[in-house]
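Notes follow the structure.
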């Protein structure tokens, strides 16, 4: 089964300066889109938040990856692992056309206890693309 690693980074530079700035974080997905071929694919997303404001915490949602309803993802449900990754598998056979599956990932940034600031959630929607044909 081919392993398909995906690195997801949410860079929070500029999102907070004595308050939320209204600036969205910079997201990096490598690769984007993730291309999977017909057959079984084991996808592992590594989710990382960088440049978290001092005293704040950043946590990805659980599950860290959520597929959108259309087109329906027919692989396994993405599951958070204890090592901080999220895994899912697909098994596509002989697709007549390439299919792109949209998914969402979100990170919530929480201020320190006693702060007057509220938590902020940032969301991004990259893709998984399954190619046509046969093979793995």
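Please report, ordered by residue number, the strands (runs of 3 or more DSSP E) entirely within segment 18-136 with at least 3 residues that are surrounded by 13 or more Cβ atoms within 10 Å (Cβ to Cβ) and within 13 Å of the chain's Cα centre (by Cα).
Numbers: elements: 26-30, 34-36, 39-50, 57-60, 85-92, 99-110, 120-124, 127-130.
Per the criteria, 26-30, 39-50, 85-92, 99-110, 120-124.
Please specify each residue of segment 1-17 satisfying the condition of being in contact (Cβ under 8 Å) with a residue 24 or more places away in the chain and outside any strand (DSSP E or B). Let's see the steps before the verdict.
Kept after step one, since they are in contact (Cβ under 8 Å) with a residue 24 or more places away in the chain, are these residues of segment 1-17: 1-13, 15-16.
Scanning segment 1-17 gives 1, 2, 12, 13, 15.
No lab work stands behind these numbers, since they all come straight from the coordinates. Just so you know, these numbers come straight off a predicted model, no measurement behind them. Counting neighbours? That spans all protein chains shown, and the Cβs are built from the backbone with ideal geometry, glycine included.
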